[in-house]
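A.B. asks: This is the structure I want to talk about, given as structure tokens.
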Amino acid sequence: MAETKPALKVSVFSDYICPFCYIGSRRLLRLRDAYDLQVNWCALEIHPETPAQGMPVTGLGYPPAQWQRMMSALQDMARAEQLDLQAHDFTTNSHRALLLAEAAKEAGRKVFYALHERLFDAFFREGRNIGEPQVLRALAAECLVPEPLIEAAWSQPRYEQRLALNRRHAAELGVGGTPTYVFGTRILVGAVAGEELRRAARATASDPIR
């Protein structure tokens, strides 16, 4: 008889144009090996001012030296996770992608996670603009998101309401960036190492207070 894995609930504030969220997702999902991992992916748009047609990353306002340090750290992490990332020289507006991911949750875990991974891969490994509706439609179709859900993502107010709820929840917790992980009362921010995630998981799973 297979051993029952302990349940572990985690909330993650994340955005598909955040490269550290891509790394963080890979690291977090490895906890499935030891836990019945239940993740509440809280879509949080980090650059709503960015146009959907995309723009150079220089438009984000980071000083060049700081950007180079961030990208160097990112490439080190990506190599450790065996991810081959393209040079990150443009960004886009993630609002439509986040709405689409919210809608995909209604098609079940398998469909959601297929799209979740595909959005990250398309942007960071293939250099596709996930702000463009035609790109998102193609990715959603690849991941078997039902056509009615694709249409609903951008027309039904309930998905906008979910993003608004995530923003309020983030503000209540003092979350100012992505990725941010909430393990019970424990909050981890940024490019957290896999071992730090495992420590938080062990502490949360053994915590008698839920």
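The values are calculated or read from the model by the stated rules, or taken from the named source; none is laboratory data. Computed from a prediction, not measured in an experiment: that's the story for all the values here. Please note: Cβ atoms are built from the backbone with ideal geometry, for glycine as well, and neighbour counts cover all protein chains shown. With ligands, DNA and RNA removed, areas are computed over all heavy atoms of the protein, side chains included. Shrake-Rupley method; radii C 1.70, N 1.55, O 1.52, S 1.80 Å.
A.B. asks: Dimensions of the range 54-171 along principal axes (Cα, Å, largest first)?
C.D. replies: Taking max minus min along each principal axis of the Cα atoms, the range 54-171 gives 44, 31, 25 Å.
A.B. asks: When only Cα pairs under 8 Å and 6 or more residues apart are kept, what is the percent relative contact order across the chain?
C.D. replies: Reported relative contact order: 30 percent.
A.B. asks: Right, next: What number, rounded to the nearest 500 deg cm²/dmol, is the helix-based mean residue ellipticity at 222 nm of the chain, given -39500 (n - 2.57) per DSSP H run of at least four residues and division by all its residues?
C.D. replies: Computed mean residue ellipticity for the chain: -15000 deg cm²/dmol.
A.B. asks: In debye to the nearest 20, how big a dipole does the range 26-85 give about its Cα centre with +1 on each Lys and Arg Cβ and -1 on each Asp and Glu Cβ?
C.D. replies: Dipole of the range 26-85, to the nearest 20 debye: 160 debye.
A.B. asks: Related question: Using just the alpha carbons, could you tell me how many Å³ per residue the convex hull of the chain encloses?
C.D. replies: Measuring per residue, one finds 137 Å³ for the Cα hull of the chain.
A.B. asks: Taking the Cα-to-Cβ direction at E142 and at D33 and moving 7 Å from each Cα, how far apart do the two end points lie in nm?
C.D. replies: It is 2.7 nm.
A.B. asks: Going by average Cβ neighbours within 10 Å, how do the peptides 114-123, 157-166 rank, with the highest at the top?
C.D. replies: Ranking, from highest mean packing down: 114-123, 157-166.
A.B. asks: Hey, can you grab everything whose amide H is under 5 Å from the amide H of F90? Only 5+ residues off in sequence or another chain; H modelled, so Pro and N-termini drop out.
C.D. replies: V57
A.B. asks: What part of the accessible area of the chain, given as a whole %, is carbon or sulfur when the probe is 1.4 angstrom?
C.D. replies: Heavy-atom surface of the chain belonging to carbon and sulfur, 1.4 Å probe: 54 percent.
A.B. asks: Next question, about the same structure. Just how far, in whole angstrom, is the range 86-110 from the range 24-58 if you go by their alpha carbon centroids?
C.D. replies: Here the two parts' Cα centres lie 9 Å apart.
A.B. asks: List the Cys residues of the chain that have no partner Cys with a C-beta closer than 4.7 Å.
C.D. replies: Those would be C42, C143, since no other cysteine Cβ in the chain comes under 4.7 Å of theirs.
A.B. asks: In the range 1-153, what % of DSSP beta bridges are antiparallel (nearest 5)?
C.D. replies: 20 percent
A.B. asks: Further, regarding this structure: Give me the 1.4 Å probe accessible area per residue for the chain, excluding ligands and nucleic acids, in Å².
C.D. replies: Ligands and nucleic acids excluded, the result is 51 Å² per residue.
A.B. asks: Can you give the FRET efficiency to the nearest 0.05 for N40 and D89, using r as the Cβ-Cβ distance and R₀ = 25 Å?
C.D. replies: Given R0 = 25 Å and the Cβ-Cβ separation, E is 0.20.
A.B. asks: Note the full-extension length gain between R202 and Q82 as 0.36 nm times their separation in residues minus their Cα-Cα distance, in nm to one decimal.
C.D. replies: Full extension of this stretch gives 40.7 nm more.
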